[in-house]
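To keep things clear, I will list the structure first and then write my remarks on it.
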Amino acid sequence: MNQNTNIQTVPDGIDVINGKPYMADAKGSLVPVEMIKAEAKLEDQTVRKIIGYASELSDQVARFKGHTFEDLSTLEGLLAEKYGRTKGGSKGNKTFMSHDGLFKVLIQVADHIDFGPQLQIAKELVDECLNEWSAESRPEIRAIVTRAFNTDKAGQINRSEVFMLLRLEIEDARWKQAMTAIRDAMRVVGSKTYVRCYQRDTYDGPWRAITIDLAKA
């Protein structure tokens, strides 16, 4: 760490060989520093400076998350000791509130859902329905079905569109069977815990998120 405690030291990228400074290019080739354009060196220095700040912020957020869970675990331990129970909602979601109602901390557990082989059966049943309905089927339903079963570049099914299919009220027996197959195909393959902080100006005012996400700052 340098004198500024808010920035991490990032290597300057310079290698001294036989007394002469070199910098590697994007292909790994060593280029004499004096051969590098001034604007390229300035860009390099600027990027390294920003990365130094970003790395320190990332570490601070990681420390904040760790301390947050430690503090809340301590609180829950005290509650469990006194009352024999802890805070908690469905799937481990929890809300902690300040006494004046102006601040709150939410702990949210999000499941990561994947789909098993039953999804292919569901697709075949849905395709049967659409083919038979032909012109009678609404174009928006066809669009949802197309988006739901198309995979992205990573080969992943569009989960939000699949869940939208489950919300459609269609009485055809094959459609209902397809929706059952989708539900049977759903399986939780992991989960992630998020901490979110909020504040408001008055006890009945709107909540504002305390932004930690750089994209939303």
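Looking at the stretch 9-42, which of its residues are open to solvent by 50 Å² or more (accessible area, probe 1.4 Å) and within 30 Å of the chain's Cα centre (by Cα)?
Thr9, Pro11, Ala26
Here is a check on your reading of the model: is Trp133 of a type in the set (Phe, Trp, Tyr) and modelled with pLDDT under 80? Before you say what the answer is, go through the steps one by one.
On the way: of a type in the set (Phe, Trp, Tyr): yes; modelled with pLDDT under 80: yes.
Against the criterion (of a type in the set (Phe, Trp, Tyr) and modelled with pLDDT under 80), Trp133 qualifies.
Taking the stretch 32-54, which residues are touching a residue at least 12 places away in the same chain (Cβ under 8 Å) and closer than 30 Å to Lys104 by Cβ?
Result: Tyr53, single match.
Quick one: how many residues across the stretch 181-192 are over 10 Å from Ile121 (Cβ atoms) and either in contact (Cβ under 8 Å) with a residue 24 or more places away in the chain or among the aromatic types (Phe, Trp, Tyr) (or both)?
Summing the residues that are over 10 Å from Ile121 (Cβ atoms) and either in contact (Cβ under 8 Å) with a residue 24 or more places away in the chain or among the aromatic types (Phe, Trp, Tyr) (or both) in the stretch 181-192 gives 7.
Of everything in the stretch 78-108, what is modelled with pLDDT of 85 or more and open to solvent by less than 70 Å² (accessible area, probe 1.4 Å)? Give them in sequence order. Show your work before the answer.
First pass over the stretch 78-108, keeping only residues modelled with pLDDT of 85 or more: 78, 94-108.
The answer is Lys94, Thr95, Phe96, Ser98, Gly101, Leu102, Lys104, Val105, Leu106, Ile107, Gln108.
Please determine whether any residue of the stretch 156-168 is in contact with a helix residue (DSSP H, G or I) (Cβ under 8 Å, 6 or more places away or on another chain), open to solvent by 80 Å² or more (accessible area, probe 1.4 Å), under 18 Å from Ile121 (Cβ atoms) and modelled with pLDDT of 80 or more.
No.
Among the residues of the stretch 172-191, how many are modelled with pLDDT of 85 or more and open to solvent by 80 Å² or more (accessible area, probe 1.4 Å)?
So the count comes out to 5.
The values are calculated or read from the model by the stated rules, or taken from the named source; none is laboratory data. Keep in mind it's a predicted model, so treat the numbers as computed, not measured. Here Cβ is always computed from backbone atoms with ideal geometry, including for glycine, and neighbour counts include all displayed protein chains. We work out accessible area using only protein heavy atoms, side chains counted, and drop any ligands, DNA or RNA first. Shrake-Rupley method; radii C 1.70, N 1.55, O 1.52, S 1.80 Å.
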